[in-house]
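For reference, the structure is listed below as structure tokens.
The values are calculated or read from the model by the stated rules, or taken from the named source; none is laboratory data. As the structure is a computational prediction, the values presented were derived from the model and not from experiment. Neighbour counts are summed over all protein chains in view; Cβ atoms, including those assigned to glycine, are modelled from backbone coordinates with ideal geometry.
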Number of protein chains: 2
Amino acid sequence: MSEGVEWVLHSCTVLAALPSDQALPAAKLAELHDVAPAYLAKHLQATTAAGITCSVAGPRGGYRLARPPAEITLLDVVLAVDGEDTAFRCTEIRQQGPVAGPPSCYRRPCGIARAMWRAEDAWRAELEATTIADLVDELLATVAPELLQAGAEWVQQVEVARGRRRTVNEPRAPQGATANPTTRRSQP
Amino acid sequence: MSEGVEWVLHSCTVLAALPSDQALPAAKLAELHDVAPAYLAKHLQATTAAGITCSVAGPRGGYRLARPPAEITLLDVVLAVDGEDTAFRCTEIRQQGPVAGPPSCYRRPCGIARAMWRAEDAWRAELEATTIADLVDELLATVAPELLQAGAEWVQQVEVARGRRRTVNEPRAPQGATANPTTRRSQP
């Protein structure tokens, strides 16, 4: 399993906890978790392709969840990041070698593959039973309050800094509306 | 998951079906399945290290199962070939980045990792519930009788050929005991 699964699951819990009108760029999510921005961006693009996240354009743009956290399962994320293939790949070696018969002998899937895939079905069922909302609930119940507070403040600072940059880069912005977080959201 | 898991599971079902006094070299198991001999040998060595197979020395040597097929689970084989590590690796990215707290905040395992590992526990439980004996039973019940017969004859031919070679290479063997499979087993 790629490390992207871990990165994206953490990113999705952060996105699930954002204020409803906020998005976070991949670079900021990478900074928050201290992981490689280019790789995280690639994995997040995969989640967008899978309908888990959406990418919001513009100066306050970035990633958001594309649907409620309770409707995104861990299986959705794992399959988006690592692909839909089963971990066990049957290469039909039973049809190779000196005692193999004609293809008509192999209409039923190989018993070894079926046994291996039964186990993967159990794994998928468990991943499907847990949602991003469950992860958020669990984090809120177990993470130290000062860490939750530090996370919320970091997210707010990202918005404040984006508000400042936007004002500097926008000559039509009204004078004096530079870096006040309370007016940030009323800006265009 | 490595392709070695498929190869070794097929090899173990063959070993489980051998006559009790017979062994098969890795090269013959590779020939039977038309897979790379060096890779299969490496994977079979891993199963020996894990106590699943044992390697018998001598002219009639090769691999045998080290314990009854009903006492070898699919999980035993998967862990022997692919290692004991979980598929999901928690790299503790929650302890990285600008809002991470001191190590004392992270005594409890990460909720994301625990959710992922619950799914792996379900996968392992299912693999542990199926044995090599189950695979053999299933093969005997579903594989065409002519293919089972072809397999049994191929295994017998391997022994016959080994008997021939051994006799040629052993100057002390009695005259006339060249290639008769019925006398093969009484040879030293």
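Being over 18 Å from A:ARG94 (Cβ atoms) and either among the aliphatic types (A, V, I, L, M) or more than 13 Å from the chain's Cα centre (by Cα) (or both) narrows it down to one of B:ALA38, B:ALA16, B:ALA30, so name that one. Being over 18 Å from A:ARG94 (Cβ atoms) and either among the aliphatic types (A, V, I, L, M) or more than 13 Å from the chain's Cα centre (by Cα) (or both) holds for just one of B:ALA38, B:ALA16, B:ALA30, which is B:ALA38. Residues of region B:106-153 that are among the polar types (S, T, N, Q) and within 22 Å of B:ASP34 (Cβ to Cβ): B:THR142, B:GLN149. Is it the case that some residue within region B:110-123 is farther than 22 Å from A:THR131 by Cα and part of a helix (DSSP H, G or I)? Looking for residues that are farther than 22 Å from A:THR131 by Cα and part of a helix (DSSP H, G or I), one finds none in region B:110-123, hence no. Taking the conditions (1) modelled with pLDDT of 95 or more; (2) farther than 30 Å from A:HIS33 by Cβ in turn, B:GLU170 satisfies each one other than (1). Scanning region B:138-149 for residues that are loosely packed, with under 15 Cβ neighbours inside 10 Å and part of a helix (DSSP H, G or I) yields B:LEU140, B:ALA141, B:THR142, B:PRO145, B:GLU146, B:LEU148, B:GLN149. For B:ALA122, the criteria (1) more than 30 Å from B:HIS10 (Cβ to Cβ); (2) within 7 Å of chain A (Cβ to nearest Cβ); (3) buried (at least 17 other Cβ atoms within 10 Å of the Cβ) hold in every case but one, which is (1).
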